[in-house]
Amino acid sequence: MKELQEKILKEGTALNETVLKVDGFLNHQVDPLLMQKIGEEFANYFEDRGITKVFTIESSGIAPAVMAAIKLDVPMVILKKQQSKILNGEVYQTKVTSFTKGTSYELTLSKKYIDKDDKILLIDDFLANGEAAQGGIRLIEEAGATVSGIGIVIEKSFQPGRKKLDDRGFDVYSLARISRLDKGVIEFVEEA
Ligand code: G4P
């Protein structure tokens, strides 16, 4: 998505070889008009999949996910990050470990908000190692529902997440694919 690439080049900051700061429009302050366009791009790409719900992982996935859900006219569900296990049988939970942040959490979904017939579009802001996305997939599959697509705002293609999802046959649509980062350097994958 050209407009997103331009925004990343203009307002993003590569801190080092692995971290891209985009606090000005995605992770802290949010650019609502850009989020609306991002949501529409996801909705258009996945429109013929019979999506019944958009899922995201708190917190920075919420803005693009809600915009996609408006366009697809379906509910949006936030997968919550809990500190510890909830042992009441009313939720699905799975442990996710973040390599970037060096922390773990229990990704949590109430059984009330998923049904085995659901076709889910899973949206997240970053795809790095793929741990959060794979946690979301585990919850959806545990409920017997289907992951019908994965929408990523910024993919760091040089990290292993994208390949892990491709290898499992998921349809991943990333709006900006970064091939290389370095202090002050941001390069994108050349799309054919
Ligand atoms: P993974 O899910 O793909 O395995 O990624 P990883 O654990 O490495 O990343 C964990 C958190 O770090 C996620 O945010 C992810 O969005 C964020 N992240 C990863 N790489 C970058 C990066 O280059 N730049 C920025 N700005 N964030 C990055 P989170 O903990 O889920 O928090 P939130 O922002 O969604 O609240």
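Bear in mind these aren't lab numbers, they're just calculated from the coordinates by the rules spelled out. Computed from a predicted structure; not experimentally measured. Glycine gets a Cβ as well: all are built from the backbone with ideal geometry, and neighbour counts include every protein chain shown.
Observations on the structure shown:
- Distant-in-sequence amide contacts of G130, defined by a placed amide H-H separation under 5 Å and a gap of 5 or more residues or a different chain, comprise G161.
- Phi angles of region 129-135 translate, via the Karplus equation with coefficients 6.51, -1.76, 1.60 and θ = phi - 60°, into HN-Hα couplings of 8, x, 5, 5, 4, 5, x Hz per residue; Gly and Pro are given as x.
- At most 14 other Cβ within 10 Å, DSSP loop - GluC sites (Glu not before Pro), region 113-192: E190, E191
- In a DSSP loop and with at most 15 other Cβ atoms within 10 Å, the chymotrypsin sites (Phe, Trp or Tyr not before Pro) in region 18-99 are F99.
- Separation in nanometres of the label points that stand 7 Å from Cα toward Cβ, at R138 and D117: 2.9 nm
- Highest-MSF residue in the chain out of N44, N129, N88 [GNM, Cα springs under 10 Å]: N88
- Mean-square fluctuations from a GNM of the chain, with a 10 angstrom spring cutoff on Cα atoms, peak among A68, A143, A176 at A143.
- Cα gyration tensor shape of region 7-158, rounded if a/c is under 1.5, else prolate or oblate by comparing a/b with b/c: oblate
- A simple charge model with +1 on the Cβ of Lys and Arg, -1 on the Cβ of Asp and Glu and nothing else charged puts the dipole of region 35-177 at about 440 debye relative to its Cα centre.
- Charge-dipole axis of the chain as Lys and Arg at +1 and Asp and Glu at -1 on Cβ define it, positive-most pick from T103, V66, F158: T103
- GNM top mover of I70, I86, I62 - the chain, alpha-carbon springs below 10 Å: I86
- Efficiency of FRET between M1 and K95 - r from beta-carbon atoms, R0 45 angstrom, step 0.05: 0.90
- When the convex hull of its Cα atoms is viewed from all sides, region 1-96 shows a mean projected area of 8.2 nm².
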